[in-house]
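In what follows, a structure is listed as structure tokens, so that the remarks can point back to it.
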Amino acid sequence: MNDSPLRQARWRDPDPSRCVGWLPAGRVTLADFQRRIGAWQACLDTLAAPGRCYALHDRDPLAFASALLALWERGDSVLLPADDRPETLAGVDALTQARLGDVPGGHRPGTGAAPRWGTLNAGRTALWLYTSGSTGAAKRIPKSFAQLDAELATHRDLWPLEGRLTISQVSHQHIYGLLFAILRPLGEAAPMAGVLCRYPETLHAWLAALDDTGQAELISAPPPLERLPDTLDWPRVRQRLAAVYSSGAPLPAADGQRAHRLLDAPVRELYGSSETGGIAWRDTHRQDDAWTPLPGVAVRADRDDDHLWLHSPYLDTRDWQRQADRIREAADGRFHLLGRADRIAKVGGKRLSLTAMDCALEAAPGVHRARTVVLPDHSGRLGAIVQLDPADIPVEHGARRRRIAALREPLIRAFEPTVIPRAWRFVETWPVNAQGKLTAERVERLFRDRRDPTQPRWLGVDTPGDAHCRVTLEVPERLAHLAGHFPGRPVVPGVVMVQWASDLAREHLGVTGAFSHLERVKFPQLLLPGERVTLALEWHGDTQRLDFRLTGRHGCHASGRMYFRAGDPP
Amino acid sequence: MTTELELELKQLIIDTLELEDVTPEDIDPDEPLFVEGLGLDSIDALELGLALQKRYGIQLEADSEETRRHFANLRTLAALVEARRTQ
């Protein structure tokens, strides 16, 4: 049974004083934990005879673990909702007997009682969990005890816990947190921290509370690791962590190095998914971005399109399976990840079907077409490009806020807050290139003002001829030039509008030559943050003259003529 | 009424989180910053914690779940900064 960490059922050990749950304030012993399992079973006995499936959600790792074991030992199975939003829970109600845990209508156990132990057969479905599918609908995936045990045995053999404390910063409603934060300590008879460790300050205090010999492992993810503060006294808690794990999305190398330095522990990343289980790992702190397949897992790259082909003991088939990620094989059996080929993205560490988000947006009234993209900047957040009826396009700050609020409203009910788009680009015509494609270059152009705060927000260009064009622009609320022009009344200075006209003429009309002088310049109307305007440009090559006119809902904001020197570089 | 510090914090939130459609006037000091209201999330809470440490030298202590209750809205956040700033 050595290859079966779960089926060994170390939680049944006659070892009442063993520490199962740890907190600086106190410990939960195995005897306490067994009584909690018994209490859950007494609660379940009032609901139905064994052999049912229950929805379980609980943020508290020990409460979650005791409910899970109560169900398994009683002969029930478990469905783990991906989160606790009302729509998610309503979706799982039809598939389950009842809700358990910290959700509305969730049953909670009474006081302690003696547990009953059952049989955990290898082929039995232990649980179901959700992933985001490429079609847009979340997919429900069963895991048998044999599948879970195969993965847990691999992890134990590679990186044995040896009694160390597991501290988790991730949700165990998903496969990575479930395996690493809950099932590994249970299967290896090691303690887990009694509550989730959300913040770096909590982590620091917990590590400080461990004695020098007591070591812990941290189950983490890119969002918390990328945001570790330098200001905490990390040297004081040196050598308390034996390893840091990260999964859910790639951890940028620089953040991996930093986490390694501050936390004084190897930073190890896992690559895999709910469907495939674990695929590969890498020691991020070693500055090597190649992935090593887990023992028993084989990978190869598709000869035509680089797609990953996977052969894994954790799949329910022995056939090779084609995956959505693309890879490049390295000579030593390892591989490099090249990115995903479909429309699944990681947003703030959460896996999201962009197709599903697009569909949800397109269901809103007035929306012709929507495309969500991971923002081409460091934020890792989502941006939305939305084509609206021309009458619905917001032309000033207040209208834009109301439009965004209306579009967000249905999304908040259907998605987690982290994946709701943060940047919105409203267009009248779909911003495709000459080949009819919305390219990465176009997407970058639409969001470029986020990187360069001197730029207007570019929302499309109409080029009816070689020598003239109309560019749609918005004034970003955070435009660098707004501050300090007129105190208390942020407006766009005229010189900035002239600069925009010159820049955009170079970009869209191929104007070259150094700026010479201006003529007949007027700024009749103030231009305010959040306003949407059209810039009309007309180039007279024979005289090196550019006519420009910037107009909005109140009329003209800027107009004039700009002359360029022939032949000079810009 | 908005205090000087509240205005400063509004700008800090907007700049730290790179909010696009929000001006200081749009932030109601009594409206929740998270989920409803501004719609911020747990990643934003981490970012804001870092920004407060950098700007005001505020060390969030071990019981940071408790401390972050002060992130509920702008007024509670301003009270936290007022009480704990070192710079």
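For B:Lys54, the lysines whose Cα falls under 23 Å of its own Cα, not counting residues fewer than eight places away in the same chain, are B:Lys10. Applying 1/(1 + (r/R0)^6) with r as the Cβ-Cβ distance of B:Asp15 and A:Ile412 and R0 = 35 angstrom yields a FRET efficiency of 0.90. In straight-distance terms, cross-link reach from A:Lys139 covers every one of the aspartates and glutamates whose alpha-carbon lies under 13 Å from its own, apart from those fewer than eight places away in the same chain; here that gives A:Glu275.
Expressed in units of 2.2 N^0.38 Å, where N is the residue count, the Cα radius of gyration of region A:452-570 is 1.03. DSSP assigns beta bridges within region A:343-448; of those with both partners inside it, close to 70 percent run antiparallel.
The residues packed around A:Gln173, meaning those with a beta-carbon under 11 Å from its beta-carbon, carry a net charge of -2 if Lys and Arg are +1 and Asp and Glu are -1.
Which longest uninterrupted range of chain A lacks any chymotrypsin sites (Phe, Trp or Tyr not before Pro) assigned by DSSP to a loop state (not H, G, I, E or B) and surrounded by at most 16 other Cβ atoms within 10 Å? With a cap of 16 other Cβ atoms within 10 Å, the longest stretch comes to A:321-570. Sorted largest first, the spans of the alpha carbon positions of region A:19-94 along the three principal axes are 39, 28, 16 Å.
Determine the distance separating the Cα centre of region B:18-87 from the Cα centre of region A:103-175; give it in Å without decimals. Measuring centre to centre over Cα atoms gives 35 Å. Region A:316-333 and region A:344-393 have Cα centres spaced 30 Å apart.
Of all beta bridges that DSSP places with both ends in region A:368-429, some 55 percent have antiparallel geometry. Annotation note: trypsin sites (Lys or Arg not before Pro) in region A:277-320 located in DSSP loop regions with a Cβ neighbour count of at most 10 within 10 Å are A:Arg303, A:Arg318.
Using all pairs of distinct alpha-carbon atoms, the Kirkwood hydrodynamic radius of region A:343-448 works out to 14.1 angstrom. As a ratio to 2.2 N^0.38 Å, the alpha-carbon radius of gyration for region A:396-475 is 1.28.
Across chain A, C-alpha contacts under 8 Å between residues 6 or more apart give a mean separation that, scaled by the residue count, equals a relative contact order of 8 percent.
Relative to its Kirkwood radius, the Cα radius of gyration of region A:232-376 gives an Rg/Rh of 1.05. Given 37 °C and 0.692 mPa s, how large is the Stokes-Einstein diffusion coefficient of region B:4-84 in µm²/s, with Rh as the Kirkwood radius over Cα pairs? Roughly 261 µm²/s, to the nearest whole number. With the charge dipole of region A:452-570 set up from +1 on Lys and Arg Cβ and -1 on Asp and Glu Cβ about the Cα centre, the Cα lying farthest toward the positive end among the listed residues A:Gly560, A:Thr512, A:His468 is that of A:Gly560.
Using the empirical formula 2.2 N^0.38 Å as the baseline, the Cα radius of gyration of region A:120-244 reaches a ratio of 1.19.
When restricted to Cα atoms, chain A yields an Rg and a Dmax of 28.8, 95 Å, respectively. Of the Cα atoms belonging to region A:492-542, the radius of gyration and Dmax stand at 12.0, 37 Å. Shielding of peptide B:46-52 by partners, expressed as the average count of other chain Cβ atoms within 10 Å per residue Cβ, is 4. Straight-line reach from A:Lys143: taking Cα to Cα under 24 Å and skipping same-chain neighbours fewer than 8 places apart, the lysines in range are A:Lys346, A:Lys350.
Derived value for region A:77-152: Kirkwood hydrodynamic radius 14.5 Å. Basis is the mean of 1/r over every pair of different alpha-carbon atoms. On C-alpha positions alone, give me the angle between the axis of helix A:494-509 and the longest principal axis of chain A, in degrees, nearest 10. That works out to roughly 80 degrees. Beta bridges per DSSP, both residues in the protein assembly as shown: antiparallel share near 70 percent.
Relative to the longest principal axis of the Cα atoms of chain A, the long axis of helix A:30-45 lies at roughly 80 degrees.
All other residues whose Cβ lies under 14 angstrom from that of A:Val20 are scored, Lys and Arg at +1 and Asp and Glu at -1, for a net of +3. Overall, the protein assembly as shown carries a charge dipole of about 500 debye about its Cα centre when +1 sits on the Cβ of Lys and Arg and -1 on the Cβ of Asp and Glu, all other atoms neutral.
The order of A:Leu411, A:Leu179, A:Leu550, A:Leu218, going from fewest to most other C-beta atoms within 10 Å of their C-beta, is A:Leu411, A:Leu179, A:Leu550, A:Leu218. Directionally averaged projected area (region A:159-312, Cα convex hull): 9.5 nm².
Relative to the dominant Cα principal axis of chain A, helix A:61-74 is inclined by about 50°.
Projecting the alpha carbon convex hull of region A:4-143 along each direction and taking the average yields 9.6 nm².
For region A:376-445, the Cβ-based charge dipole about the Cα centre amounts to some 160 debye (Lys, Arg positive; Asp, Glu negative; other atoms uncharged).
No value in this document is a laboratory result; all are computed from the given coordinates. Values in this document were obtained by computation on a predicted structure and should not be read as measured data. Please note: Cβ atoms are built from the backbone with ideal geometry, for glycine as well, and neighbour counts cover all protein chains shown.
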